[in-house]
Structure formats: structure tokens, C-alpha cells
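The values are calculated or read from the model by the stated rules, or taken from the named source; none is laboratory data. Here the structure is a predicted model, which means the values were calculated and not measured. Positions of Cβ are generated from backbone atoms using ideal geometry, with glycine treated the same way; all protein chains shown enter the neighbour counts.
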Amino acid sequence: MTSGLEERLAALLVEGSPNGLMVTDADGLLRIINPAVRGIIPIAADAIGRLPAAAIPIADIAERFLDTESASKEIAVRHDGRDLLVRSVALGPPGGRLVLLQDVTKFGQDERNRIEFVASVSHELRTPTTSIVGYAETLMEEGERLDPELRTMVEVIHRNALRLTALFEDLLSLARLDNRGAPLPLVPVRVSSIVTEVLDKWRPAAEEKNISFQTAIPRGIRVQGNANALIHLVGNLVENAVKYSHVSGVVTIRSWTRDGRVVIEVIDVGIGIDPIHHNRIFERFYRVDKGRSRSAGGTGLGLALVKRLADAMEASVEIRSRVGRGSVFRVWMAPAKEES
């Protein structure tokens, strides 16, 4: 292919692209603006040869030409009722940057519709499921007066209704976080108080498997967090640790400060997770072993919720685990701000 044909083909691809494409030179002046740009954002008619800040009235987009990183950078921008995905990448010598605009409004609306549908269905199904749980518990209180075979069936109904209730609660929690969009309100929270409340809730389940809890949390250690979110986050990690621990095992919860951050760690010596799954373990409905998760009552949402709650508190979560050696989940959070 000749260089002339290559240039014509490149020009056709740029001109015909449905995505907006803008390029600046080494001096930071706009040199290429394809037709799609003007259909996506307002831009000066005489933009060629001008600085982006003078030609593009949307600061979040104009500032992308000032990025100094060589790697590609991507942000979401909301403008005039439209959802835009803006990618910026440095060009090789002699310099300049390329900014790509993609209108993802339809995808954003589809996602919002999905979130609303999941929240609505989960809410509607939670009510009858709660009734099933209640009636099953009432029948189970009959004790020995129930026929043994009937009691077994009621226990199965109760157990599976509880699983459905947990699933709907997790779906609703995720939908609320997705709809929120902004970080949760954060205040100083004492870690020891959170862990005490979590262990009180999960101690009966641990005792059924003869699992003991160990804690190592300085009483004065506090994080900048949200108490309800942190109870849910740590609770999910402790629930998993109990669920996937061996009988007569130990679950350890500890906390300390490192590099200006507070670490909260939940450790078990249970069945563990193969490292090949670590990159996907926080995805919704992802299961390491579908058969094992179902038998243990897992929904595939617990760790996804942990990740979303951590994000909402501007925290991060990581995993270290090996099959047969147990798992360590570590949450990194900002320390509590000093009260003025």
C-alpha cells in the first residue's frame, strides 16, 4: 500500500468516524477536528489553530489536552443531558495529544433502566419472601408436634427463603449504591465498635461450626467512614470467612495503621481461592466454584458489594489467598479526621 493511499484511508477513517476526534500539535493548538465533534459538543467555528481552552466551552473536556501522562486517560462527562466518555492520549514525537469523544447516553440510560428494574423487582419479591420466612419459622416452633417429614420440608423452605431474602437485600443495596453515584457521607468511626457489632451478629453461625473469633484492634483506632456501610462491608467479609472455613477453624479480624492509612484485615484458614480468580472475585455474580457456592448459600454478590461499599467510602480492598491455605481480605481506609 502506497503512503498516499494510506494517508487517504486514514483521512476517511477520521472523517467518517461516529466518535469525535481532536488532535493538538506540540504547541497545544488544535490541528484536527473531525465532523462528529460538532455533533457531540459545542465548539468554536474557527477552532483550528486555537488553544482548546479558547475553542471548547466545556472545561472538563478542554482540560484533557493539558494532561501530562503518557498513558491513555479516560473520564466521564455529563453535558446538556448527554453522557460523554472522553479519552485522552499523548502522541509520539513531535508531541501533541489526541482526545476522543464518545456519546454513551444510550448506554447510560440502559444501565439506569437495568438498575431501576433490579431494584423494583427485588423490592416486590422481598415482601412475599419475608412472609414465607415468617410462616416457616412459626411452623418450626411447633417442634416435636410436627411430623418429622413435614418438619424437614419446612426447614428446607425456611433455609431457601432466607437465601432469597439475602439475595434481594444484596441486590437492593447494590442498586442504592449505583443510583447514588456520589461517595457516602463520611465521619469518624471507631473500628472496634464496628467489629464488635459484626461479630455479635455472626457468632451463632460460627458456633455451629465450632469456629472461634480472634481480634487485634487498638480501641483508639478510627477511620473516616460510614458506620452502616462499614458494618455491611466487614460483615460480608466475616460471613465469607465463617462460611468457607473448616470446622473448628479460626477467623481473625485485626486493624493497624500503615503509610498514613488504616488497614482492616479479615483472615481465615479455610479452603482458599486460587489466584487465577483474584482479578474477578469482586465482580457481580462471579463464583469461584458454582457448586460450592450454592451449597454454602452464596449469591455471588457479597464481594461485589464489599467493593462498591469500599469505593463509596473512598477506600480500597484487596485479596491474598491460596487454595487450601485460607484467605486474607484487606481494606485500606483513610484515618479519621481530627475534629476541630
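Out of the residues in segment 39-80 that are in a helix (DSSP H, G or I) and touching a Ser or Thr at 6+ places or on another chain (Cβ under 6 Å), which is surrounded by the most Cβ atoms within 10 Å (Cβ to Cβ)?
Once the filter is applied, the top-ranked residue is Arg64.
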* Structure fact -> Over segment 119-130, the set of residues surrounded by 11 or more Cβ atoms within 10 Å (Cβ to Cβ) and either more than 38 Å from the chain's Cα centre (by Cα) or among the hydroxyl-bearing types (Ser, Thr, Tyr) (or both) is Ser120, Ser122, Thr129, Thr130
* Asked: With (1) more than 38 Å from the chain's Cα centre (by Cα); (2) on the phi < 0 side of the Ramachandran plot; (3) not charged (D, E, K, R) as the list, and Leu164 as the residue in question, which single condition is left unmet?
  -> (1)
* To do: Would you point out which residue out of Ile58, Ile43 is closer than 30 Å to Gly81 by Cβ, out of contact with any helix residue (DSSP H, G or I) (no Cβ under 8 Å at 6 or more places or on another chain) and at pLDDT 90 or above?
  => Ile58
* Restricting attention to helices (runs of 4 or more DSSP H) lying wholly within segment 145-258, give those where 3 or more residues are modelled with pLDDT under 95, hydrophobic (A, V, I, L, M, F, W, C) and surrounded by fewer than 17 Cβ atoms within 10 Å (Cβ to Cβ). => 148-180
* Using the structure shown, decide if Ile115 is at pLDDT 85 or above, more than 30 Å from Val23 (Cα to Cα) and in the same structural domain as Ala175 (by TED's automatic domain parsing). => no
* Positions within segment 121-155 being out of contact with any helix residue (DSSP H, G or I) (no Cβ under 9 Å at 6 or more places or on another chain) and of a type in the set (Val, Ile, Thr), in sequence order -> Thr127, Thr138, Thr152
* Asked: Using beta carbons and a limit of 6 Å, which pairs, at least six apart or on different chains, have the first residue in segment 218-234 and closer than 15 Å to Trp202 by Cβ and the second one in a loop (DSSP other than H, G, I, E, B) and among the β-branched types (Val, Ile, Thr)?
  -> none
* Is it the case that some residue within segment 284-291 is modelled with pLDDT under 80 and either touching a Phe, Trp or Tyr at 6+ places or on another chain (Cβ under 8 Å) or of a type in the set (Gly, Ala, Ser) (or both)? -> yes
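Condition check: touching a residue at least 12 places away in the same chain (Cβ under 8 Å) and hydrophobic (A, V, I, L, M, F, W, C). Does Ile276 satisfy that?
On the way: touching a residue at least 12 places away in the same chain (Cβ under 8 Å): no; hydrophobic (A, V, I, L, M, F, W, C): yes.
Considered against the rule, which asks whether it is touching a residue at least 12 places away in the same chain (Cβ under 8 Å) and hydrophobic (A, V, I, L, M, F, W, C), Ile276 comes out as no.
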